[in-house]
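What follows is a set of notes on a single structure, which appears directly below.
The values are calculated or read from the model by the stated rules, or taken from the named source; none is laboratory data. Quick caveat, the model's predicted, so the values are computed rather than measured. Please note: Cβ atoms are built from the backbone with ideal geometry, for glycine as well, and neighbour counts cover all protein chains shown. What goes into the accessible areas is simple: the full protein's heavy atoms, side chains included, and nothing from ligands, DNA or RNA. Shrake-Rupley method; radii C 1.70, N 1.55, O 1.52, S 1.80 Å.
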Amino acid sequence: MVSSTRPSVGILALQGDVREHVSALAAAGADPVPVRRASELDGVDGLLIPGGESTTISRLARIFDLTDPIRKRIAAGMPAYGSCAGMIMLANTVLDGRPDHEGFGGMDVVVRRNAFGRQVDSFSADVPVVGLEGEPVHAVFIRAPWVESAGADVRVLARISGGPADGRRIVAARQGALLATSFHPELTGDRRIHALFVEMVREQQ
């Protein structure tokens, strides 16, 4: 039975659209908590890793001694959602990454950084997402990654084609308690992706 209580969902508050994710999570039925240190991580039921720049997030996570604690919580089953750069941080394998990049891992996916191009190549598109009722998600892609390949335990939730996406590239996926999207749902006012993640967190309570 899924709990009806408001779960405590941490937002890795080192870089990215933290304020927008706070609003989205609260609207989706969670109590959002900015996380900048391990003691704050200990008190949350799940963790959202926002967009930004993955090498900067990686570096700051090391500086704030969060890399290993987050890895351990994810390995122990803590739900986590990575948006854009957060997808890169959750991937087990990253293409075109810097040598000093240290992600959190957990998802059996191969991700390519900046796959859709540079900042000037940012775009939006209507993307159907498996499991979400209603119209397609209006997805915003900003220097976005995509999933080049996914393991057998990964459920592909959305694909996109066009532009540099030669073929139908994976832009949303789930593996157990882990969720990742190439796009930024916090920028559009559509709370369905956040609601999906909050429900995933409730399932683990």
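Check every one of the strands (runs of 3 or more DSSP E) wholly within segment 63-120 and list those with 1 or more residues that are open to solvent by 40 Å² or more (accessible area, probe 1.4 Å).
91-95, 107-112
Any idea how many residues of segment 7-16 are in contact with a Lys or Arg (Cβ under 9 Å, 6 or more places away or on another chain) and either open to solvent by 30 Å² or more (accessible area, probe 1.4 Å) or under 24 Å from D65 (Cβ atoms) (or both)?
Result for segment 7-16: 3.
Looking at (1) closer than 20 Å to T181 by Cα; (2) loosely packed, with under 15 Cβ neighbours inside 10 Å; (3) touching a Phe, Trp or Tyr at 6+ places or on another chain (Cβ under 7 Å), which is the only condition R19 fails?
Only one criterion in (1) closer than 20 Å to T181 by Cα; (2) loosely packed, with under 15 Cβ neighbours inside 10 Å; (3) touching a Phe, Trp or Tyr at 6+ places or on another chain (Cβ under 7 Å) is unmet by R19, namely (3).
Which numbered condition in (1) touching a Phe, Trp or Tyr at 6+ places or on another chain (Cβ under 7 Å); (2) at pLDDT below 95 is the only one that E148 fails?
(1)
Take segment 169-197 and flag every residue that is part of a strand (DSSP E or B) and of a type in the set (K, R).
R169, R174
Those residues that are open to solvent by less than 20 Å² (accessible area, probe 1.4 Å) and in a strand (DSSP E or B), I need them from segment 144-158; list them, please.
W146, V147, L157, A158
State which residue pairs qualify: first residue on the phi < 0 side of the Ramachandran plot and inside segment 1-17, second residue open to solvent by 60 Å² or more (accessible area, probe 1.4 Å) and modelled with pLDDT under 90 in any location, beta carbons under 9 Å apart, and separation of 6 or more residues or different chains.
Between residues of segment 1-17 that are on the phi < 0 side of the Ramachandran plot and residues that are open to solvent by 60 Å² or more (accessible area, probe 1.4 Å) and modelled with pLDDT under 90, the close pairs are V2/Q205; S3/Q205; T5/Q205; P7/Q205.
Here are some residues: D96, D100. Which one is farther than 24 Å from D65 by Cβ and of a type in the set (D, E)?
D96
Being touching a helix residue (DSSP H, G or I) at 6+ places or on another chain (Cβ under 6 Å) and either of a type in the set (A, V, I, L, M, F, W, C) or more than 21 Å from V140 (Cβ to Cβ) (or both) narrows it down to one residue among V18, V9, V33; which is it?
After ruling out the rest, the residue left standing is V9.
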